[in-house]
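Taking it in order: structure first as structure tokens, then the write-up.
No value in this document is a laboratory result; all are computed from the given coordinates. Note that the structure is a prediction, hence the values are computed from the model and not measured. We place every Cβ from the backbone using ideal geometry, glycine too, and count neighbours over all the protein chains shown.
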Amino acid sequence: MNPTDADQDLDVAVSVVDITDPADPRVADFRDLSSVDRRPDVAVRADGGVGRGLVIAEGVFVTQRMIASRFTPHAFFGVNRRMHELAVDLANPSLAGVPFYRASAEVMAETIGFHLNRGVLAAAHRPAESTIAEVLDGARTVVVLEGVNDHENIGSIFRNAAGLGVDAVIFGAGCADPLYRRCVRVSMGHALLVPFAKSADWPGDLDLLRAHGFTTVAMTPGAGSVQLAEAVGAAKVAFLVGAEGPGLTEATMQRCDVRARIPMTRGTDSLNVATAAAVAFYERISRG
């Protein structure tokens, strides 16, 4: 791919490298994204082995949010048009020398395993994980997930959290990887910006929330729950949500301060977990 006249005026910090061969080893971090066993964003492979666990941003908006996050990109892969759309972001001095592998849409499709309409990818290594105590520092509203293993739901929860004033996400037992490519994409990159931490002692780590002054609110339509509006007024609130279907375990709910429900109509007992979380976040933020 030959540089265009427009490239002469492109002022970026990255190093632009043209790729014409899908087998080029320099784009290995982006290869086989549709493969269950070989995709680079898998931390634990299906056979139990250790995967590469890279964080992959997909599309212009998500790539911009990766650049602005603690997940520092070490490589980009995209078509010429997307590189120009990202020119301001790619001029960031922190990206000096980072390769932007430029290719045609056809070469990208052969490399990653499918046609990518969004036209650009970025890859980052995973930084050290934050602790629960770290993400609770200064927080007033957090959401705690138990058994939520659907990547799209997790991505949606991050996006809702970002837009509705939630300070952090905490993962209890049985949750899917929040840095899986689909989670990051559905979150519109907010999984890279909203602080999160994983519990190492579940549900015992709920005691850490209490020690930090949080009122823990278990979201459940079950008996003994109060209406949501009655449960969101404390100075610090942690909303707990569980997997669709089973919901939160009884052991977890017993450790919570209050059980709360969203008023429902027409015989419906519950909402999608990401939607229910969004309702709770809005109820909380609407209190000012």
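Structural remarks
- Antiparallel content of DSSP bridges confined to region 1-103, in %, to 5: 10
- Remark: region 228-233, residue by residue, has Karplus-estimated 3J(HN,Hα) of 3, 4, 7, 10, 10, x Hz, where x stands for each Gly or Pro and the curve is 6.51 cos²θ - 1.76 cosθ + 1.60 at θ = phi - 60°.
- Restricting attention to the chain, close to 30% of DSSP beta bridges with both partner residues there are antiparallel.
- Between region 149-218 and region 55-75, the alpha-carbon centres lie 19 Å apart.
- Each of ASP21 and THR268 was given a label point 7 Å from its Cα along the Cα-to-Cβ line. The distance between the two points is 5.5 nm.
- Shape of region 192-278, Cα gyration tensor, a/c cut at 1.5: prolate
- A DSSP coil position with no more than 14 other Cβ atoms inside 10 Å describes the following trypsin sites (Lys or Arg not before Pro) in region 235-288: ARG266, ARG287.
- Counting only Cα atoms, region 5-124 measures 48, 31, 22 Å along its principal axes, largest extent leading.
- Length-normalised contact order of the chain in % [C-alpha pairs under 8 Å, at least 6 apart]: 18
- Extended-chain gain in nm, criterion 0.36 nm per residue less alpha-carbon gap, GLN227 and ASN149: 25.4 nm
- Amide hydrogen proximity for SER15: with H placed 1.01 Å from N in the peptide plane, the residues at 5 or more positions away or on another chain lying under 5 Å are GLY97, VAL98, PHE100.
- Rg ratio for region 69-138: its Cα radius of gyration over 2.2 N^0.38 Å, N being its residue count, equals 1.39.
- Ellipsoid semi-axes for region 170-243, based on the Cα gyration tensor and the rule √(5λ), read 24, 15, 14 Å when sorted largest first.
- Computed label-point distance, nm, for sites ARG210 and GLN254 using a 7 Å Cα→Cβ extension: 1.3
- Ratio of the Cα radius of gyration of region 132-285 to 2.2 N^0.38 Å, where N counts its residues: 0.93
- Taking 0.692 mPa s as the viscosity and 37 °C as the temperature, the Stokes-Einstein diffusion coefficient of the chain based on its alpha-carbon Kirkwood radius rounds to 161 µm²/s.
- Straightening the chain between SER286 and ASP201 buys 27.3 nm, computed as 0.36 nm per residue apart minus the Cα-Cα spacing.
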